[in-house]
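S.K.: My questions all concern the structure below.
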Amino acid sequence: MKRISLLGASGSIGTQTLDVIRQHPEHFELIAFSVGTNVQMAIEIIKEFSPKLVSVNDMDAWKELKTKNSTPHHVEILYGEEGNLAVATIQEADILVNAVVGSVGLIPTLQAIECKKTIALANKETLVTAGHLVMEAAKKNGVDILPVDSEHSAIFQCLQGEREKNIHSLIITASGGSFRDKTREQLVGVTVDEALQHPNWSMGAKITIDSATMMNKGLEVIEAHWLFNIPYDRINVLLHRESIIHSMVEFHDTSIIAQLGTPDMRVPIRYALSYPDRLPYEAGNRLSLADIGRLHFEQANFERYRCLQFAFEAGKIGGTLPTVLNAANEIAVSAFLNKQIDFLTIESFIAQAMNRHQVLQNPDLATIQDVDKETREFVRSLFE
């Protein structure tokens, strides 16, 4: 029995993680979880899974949950940063599933690593903003970081039984997002509703916008660099509109190994939780290549997808620049979702933040936090 703590239970990855736990009660137990302000969902999760600890976003949600929770099962209820850290580090848990969105996931991950929890990581920003600190801490504490993103899970699966010295390159696939058939000229004036219509995946709002700009793929490139210790000039992005091949590894003997499957995040979540074993997925849709018939690929174009170019640049320069990239993107995407800026302005704000920044190499955690805060304030000043 593996005991799970879950950050971000009400999000897309969080709800699908609960599905996996629900489907395998003999293998997994939910010990603790966090949600934002969705008190009703928190109550339902408490009733179904009987966890020991729950954290919500703020005091108002805490008061509401304290009042409305009528389950006879005793559960400790906390809120805010303190609550998230408690969920991440609860003694009884073996695995932390980090499914929150944004840089808020960094500190809980580092704390969980110090407590020697296995990390099932779906929070991109953890490695983007502080990859050197996270991987160093994981190595020091003998902690496994198991990728939950479908692309990194695919690479991780392709590398089982292989030697790092034999890797030639990583090939990360990308659907191209909701605007993959539009030219840059046609992106002028696109709406939030249009941007949220992803052709293949059901995801949260922020990650769906990141997919439309291809920042999502850029963040995955930086993640892959840290997870698999591969330099950026040996990481490639390939547009693959069917999202059947989730990523590939090319070896120095010219062999390429790919991981294929239907677009269903429960598959990589299940693999991360059950690793090194695999559990059956009776309700999953099996892939029929005969029915699909053809798969399509094309090279990702930096001129079309500027955010992808920004991510490669930030990753190669390193230091505090990936922190700037991520912070600027988070604020710009939020502004777009709130209809305060246009879609293409997301790129403009990120470029301005990166161009003005004086990069600091090998930053410590305090420096990363300062740069993150300062960048967010700068980008907000551009539209507020």
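The values are calculated or read from the model by the stated rules, or taken from the named source; none is laboratory data. Quick caveat, the model's predicted, so the values are computed rather than measured. Note: ideal-geometry Cβ built from the backbone for every residue, glycine included; neighbour counts use all protein chains shown. Calculation scope for accessible area: heavy atoms of the full protein, side chains included, ligands and nucleic acids excluded. Shrake-Rupley method; radii C 1.70, N 1.55, O 1.52, S 1.80 Å.
S.K.: Treat each spin label as a single point 7 Å out from the Cα along the C-beta direction, and report the Gln358 to Asn236 distance in nm.
M.R.: So the label points at Gln358 and Asn236 sit 4.0 nm apart.
S.K.: Now a separate question. Can you run the Rg to Rh ratio on the range 215-302? Use alpha carbon positions and the Kirkwood inverse-distance Rh. Spell out each step's value before the answer.
M.R.: Numbers: Rg = 14.8 Å, Rh = 15.2 Å.
Rg/Rh for the range 215-302 comes to 0.97.
S.K.: For Arg380 and Met59 in one chain, what is 0.36 nm times their gap in residues minus the Cα-Cα distance, to one decimal in nm? Can you show the working numbers first?
M.R.: On the way: separation 321, 0.36 × 321 = 115.56 nm, distance 2.55 nm.
Difference between extended and current length: 113.0 nm.
S.K.: What nm distance separates the two modelled labels at Lys182 and Gln160, each placed 7 Å from Cα along Cα→Cβ?
M.R.: 4.0
S.K.: Report, in whole Å, the centroid distance computed from the Cα atoms of the range 196-240 and the range 319-361.
M.R.: Between the Cα centre of the range 196-240 and that of the range 319-361, the gap is 16 Å.
S.K.: Also: Students sometimes get this wrong: rank Ser169, Ser381 by accessible area, probe 1.4 Å, all chains present, largest first. Kindly include the intermediate steps, with their values, before the conclusion.
M.R.: On the way: Ser169 5, Ser381 75 Å².
The most accessible residue leads, giving Ser381, Ser169.
S.K.: In addition: Please build a GNM for the chain, connecting alpha carbons under 10 Å apart, and tell me which residue among Ser288, Ser247, Ser12 fluctuates the most.
M.R.: Fluctuation is largest for Ser288.
S.K.: Another question, if that's okay. I want to verify a result. In a Gaussian network model of the chain, Cα cutoff 10 Å, which of these has the top mean-square fluctuation: Ile256, Ile13, Ile207?
M.R.: Among Ile256, Ile13, Ile207, the largest mean-square fluctuation in the Gaussian network model of the chain belongs to Ile256.
S.K.: Hey, what's the range 236-384 come to in accessible area per residue, 1.4 Å probe, Å²? If you can, show how the numbers build up before the last one.
M.R.: Numbers: 7580 Å² over 149 residues.
Dividing the accessible area of the range 236-384 by its residue count gives 51 Å².
S.K.: Rounded, prolate or oblate: which one fits the range 259-320, using the alpha carbon gyration tensor with axes a ≥ b ≥ c (rounded when a/c is under 1.5, else prolate when a/b beats b/c, else oblate)?
M.R.: Numbers: a/c = 4.02, a/b = 1.53, b/c = 2.62.
It is oblate, given that a/c is not under 1.5 and a/b is not larger than b/c.
S.K.: Rounded, prolate or oblate: which fits the range 67-203, taking a ≥ b ≥ c as square roots of the Cα gyration tensor eigenvalues, rounded meaning a/c under 1.5, else prolate when a/b beats b/c? List each step's numbers first, then the result.
M.R.: Working: a/c = 2.33, a/b = 1.23, b/c = 1.89.
Since a/c reaches 1.5 but b/c is at least a/b, the shape of the range 67-203 is classed as oblate.
S.K.: Separate question: How far, in nm, would the chain grow between Thr71 and Asp291 when pulled straight, counting 0.36 nm per residue and subtracting the alpha carbon separation? Working shown, then result.
M.R.: Working: separation 220, 0.36 × 220 = 79.20 nm, distance 4.77 nm.
Result: 74.4 nm gained on full extension.
S.K.: If you don't mind, another one. Provide the FRET efficiency to the nearest 0.05 for the Thr345-Lys373 pair, computing r from the beta carbons and using R0 = 22 Å.
M.R.: Numbers: r = 22 Å, r/R0 = 0.98.
So the FRET efficiency works out to roughly 0.50.
S.K.: Got a number for carbon plus sulfur as a percent of the chain's accessible area, 1.4 Å probe? All intermediate terms of the calculation are to be shown ahead of the outcome.
M.R.: On the way: 7960 of 17010 Å².
Carbon-and-sulfur percentage of accessible area, whole number: 47.
S.K.: Which value in nm describes the separation of the simple spin-label points at Gln299 and Thr191, placed 7 Å from the Cα toward the beta carbon?
M.R.: Taking the two extended label points, one gets 3.7 nm.
S.K.: Mean residue ellipticity at 222 nm from the helices of the chain, using -39,500 (n - 2.57) per DSSP H segment of n ≥ 4 over the full residue count, to the nearest 500 deg cm²/dmol? It would help to have the intermediate numbers written out before the result.
M.R.: Numbers: 16 runs with 177 residues, N = 384.
For the chain, the value works out to -14000 deg cm²/dmol.
S.K.: Between the range 277-303 and the range 102-137, what is the separation of their alpha carbon centroids in Å?
M.R.: 29
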